[in-house]
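Undergrad: Okay, handing you the structure first.
The values are calculated or read from the model by the stated rules, or taken from the named source; none is laboratory data. Quick caveat, the model's predicted, so the values are computed rather than measured. All Cβ positions, even for glycine, are placed from backbone atoms using ideal geometry, and neighbour counts span all protein chains on display.
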Amino acid sequence: MPNRIFRVTNGVSFGAKYTIVAADDTAGNVTIQFNGTGTPSVAYPIVASISVLRAGVNVPLADAVITYPSNGCVKIADGSTFLVTTNDVYYIVAQRADITAE
Amino acid sequence: MANKIFRATNGVSFGAMYTAVAADASVVGSAEVLTITVTTGASASGNVGVTLRGGTIVNIAVLSTDTTPAQVATKIAGGTYPAYNATVNGAVVTFTCKTTGVKSGTNSTTVNATGVVVSAYTVVAGVGAGSIAFQFNGVGSIPVPYPIVANIRVVTAANVNVDLADAVISYPSNGVVTISSGATFTVTAGYIFSVVAQRVDSIVE
């Protein structure tokens, strides 16, 4: 599946709304990619908080598999309970990450 | 309940913390109201199909003699809609949802070859029972003029996480996110709501 590409809000902050399509459902995963002004994703890691709504009702993430496959990307994949489902709406709030604890 | 107003952190990023009060928990829900106006009557017999919120199409038989908008509107209002009650006033048909809260899905009217013309749907959104609307303003008194996405976390007064379960979350207008009670999740006085929001890019490339 190609990544789903969105643009940065202000250089380090990101917000995206995405409705799952059948191809995502079939693949069992979706990767949200945040770009700057060009075509590659931003050049740094991010952290993301994701909520999913189905017909306006919260869908618990349960055992969804959430990973960060590369800079600027977050991937949500099927668990055994949580499934990437057509027409579910994903709301992602993300931020450039400091991944080195001092 | 009035919206709970918070301010932008840096123009596009938002954070809010709010402790629910009894008035939030006791918000009485209201039903969604949909309205259409028939602007041209029928010139041929056939079906006018009405689909509310993506449900099953309800076919209304009109006749070539239903030449006025009011005649057609009356027939549309006479249909049986599982989730809505329909009434008519002249050429205007009003569909009132049988349950409270925000609804989603597409509304459409299929006129086929009847010659009937119907307006687009106007929507007055419902409100869920037990509800808090978080409104993010810029520097003025109105919400920011763009859509947002938000992630909401809830803890009890003792700081224990509360599963959102079937909470109803909606974005009724720019800069506003609303959370309402579901069958399991209940907006409760004393719960502490943490909201992190962001201006949204909703057009995937």
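Undergrad: If B:VAL48 satisfies all but one of (1) part of a loop (DSSP other than H, G, I, E, B); (2) more than 14 Å from every other protein chain (Cβ to nearest Cβ); (3) crowded, with 20+ Cβ neighbours inside 10 Å, what's the number of the condition it fails?
TA: Exception for B:VAL48: condition (1).
Undergrad: Of all strands (runs of 3 or more DSSP E) completely enclosed by the stretch A:39-100, which ones contain at least 2 residues that are without any contact (Cβ under 8 Å) to a residue 40 or more places away in the chain?
TA: Those strands (runs of 3 or more DSSP E) span A:46-54, A:65-67.
Undergrad: Here is a follow-up. Looking at B:LYS98, is it touching a residue at least 60 places away in the same chain (Cβ under 8 Å) and of a type in the set (D, E, K, R)?
TA: yes
Undergrad: Here's another thing I want to ask about it. Select from the stretch A:13-31 the residues that are facing another protein chain (nearest Cβ under 9 Å) and either surrounded by 20 or more Cβ atoms within 10 Å (Cβ to Cβ) or out of contact with any Phe, Trp or Tyr (no Cβ under 6 Å at 6 or more places or on another chain) (or both) and write down the one among them that is farthest from A:VAL74 (Cα to Cα).
TA: Across the stretch A:13-31, the extreme among qualifying residues is A:THR19.
Undergrad: Of the conditions (1) away from every other protein chain (no Cβ under 13 Å); (2) assigned to a strand (DSSP E or B); (3) buried (at least 21 other Cβ atoms within 10 Å of the Cβ), B:ILE179 clears all except one; give me its number.
TA: (1)
Undergrad: Need the failing condition index for B:ALA23 against (1) loosely packed, with under 15 Cβ neighbours inside 10 Å; (2) in contact (Cβ under 8 Å) with a residue 40 or more places away in the chain; (3) within 24 Å of B:ALA133 (Cβ to Cβ), just the number.
TA: Here B:ALA23 meets the rest and fails (2).
Undergrad: Looking only at the stretch B:84-112, filter to residues that are buried (at least 17 other Cβ atoms within 10 Å of the Cβ) and either in a loop (DSSP other than H, G, I, E, B) or in contact with a Pro (Cβ under 7 Å, 6 or more places away or on another chain) (or both); which one of those is nearest to the other protein chains (Cβ to nearest Cβ)?
TA: In this case the residue turns out to be B:VAL102.
Undergrad: To continue, here is another question. Within the stretch B:66-82, how many residues turn out to be surrounded by fewer than 17 Cβ atoms within 10 Å (Cβ to Cβ) and either among the aliphatic types (A, V, I, L, M) or free of Cβ contacts under 8 Å to residues at least 12 places away in the same chain (or both)?
TA: Total satisfying the criteria: 1.
Undergrad: For B:SER45, work out the one condition from (1) within 25 Å of B:VAL168 (Cβ to Cβ); (2) modelled with pLDDT of 95 or more it doesn't fulfil.
TA: (1)
Undergrad: How many of the residues in the stretch B:188-205 are surrounded by 16 or more Cβ atoms within 10 Å (Cβ to Cβ), more than 7 Å from chain A (Cβ to nearest Cβ) and either out of contact with any strand residue (DSSP E or B) (no Cβ under 6 Å at 6 or more places or on another chain) or assigned to a strand (DSSP E or B) (or both)?
TA: Count: 4.
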